[in-house]
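Here's the structure, in structure tokens; my notes come after.
Computed from the coordinates by the stated procedures, all read-outs in this text should not be read as laboratory data. All of these numbers come straight from a predicted model, not from anything done at the bench. Neighbour counts are summed over all protein chains in view; Cβ atoms, including those assigned to glycine, are modelled from backbone coordinates with ideal geometry.
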Amino acid sequence: MERLKVAVLISGRGSNLQSLIDACATPDFPAEIVLVLSNKADAYGLTRAEQAGIPTRAISHKGFPDRDSFDAAVHDAIIAAGANFVCLAGFMRLLTPGFVGKWHDRMLNIHPSLLPAFKGLHSHERAIEAGCRFTGCTVHFVRAEMDDGPIVVQAAVPIHQDDTPDDLSARVLEAEHRCYPLALRLVAEGRVTIEGMRVLVDGIASPADPTINPLG
Ligand code: GRF
């Protein structure tokens with residue numbers, strides 16, 4: 001099978017990007033990263049990409065009059081790199097419905113909560129404040145609404161009595177680094193179908209297989 005050609009969009013440190021870089025470096029992984037694009041020129045993720053020999057682009061949103069023109073420039077860069085799939089990995093810009101529509105069912109995002117709970121920022125702080133016993137992470141297809149779309153992979157993570165948001169963030173991040181490569185692999189292997197908001201993996205809506213629904 002031909003490998004999926006992926007553009008990864010970031011804004012910051014890029015630890016999820018690193019998990020995808022590492023996964024793509026394994027010989028049988030069904031995807032390759034052809035571009036890492038950041039809206040911030042100083043994002044550490046760009047350094048990670050350069051170290052891995054992956055082409056990078058920095059396109060500042062500040063240089064554009066509106067969201068549509070910024071998104072159009074991002075889209076053009078992705079196409080120019082030859083990518084046919086997009087992974088958002090800590091990309092801190094809201095994308096326009098026009099851009100999202102162009103990548104419908106061809107764009108994943110990772111969010112540090114068990115969606116649909118705690119969309120948006122500060123999800124760890126809010127999960128602790130709400131008294132949740134568990135939170136986690138979600139990899140989902142992107143739809144026009146923020147942190148919304150069919151769920152490919154989730155992992156649950158316990159919240160401990162004295163957790164600070166930073167403690168919880170570190171624990172969830174470990175799960176994120178397992179979930180994103182897994183979700184990308186499932187999609188790239190063609191094992192995923194989308195029915196409304198539900199994702200079937202190998203034709204099954206809630207696979208019991210822990211390698212597909214990793215608890216952690
Ligand atoms: C992660 O927690 C991810 O879930 C969220 O933004 C954070 C990015 O972290 N969307 P990193 O840049 O991948 O380290």
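Which one is nearest to ALA175 (Cα to Cα) among residues in segment 113-127 that are without any contact (Cβ under 8 Å) to a residue 24 or more places away in the chain and within 11 Å of the ligand (Cβ to nearest atom)?
Going through the qualifying residues, I end up with SER123.
For segment 19-57, the candidate set comprises residues that are closer than 16 Å to LEU88 by Cα and of a type in the set (Ser, Thr, Tyr); within that set, the residue that is surrounded by the most Cβ atoms within 10 Å (Cβ to Cβ) is SER38. In summary, helices (runs of 4 or more DSSP H) completely within segment 38-112 and bearing 3 or more residues that are within 12 Å of the ligand (Cβ to nearest atom) occur at 44-51.
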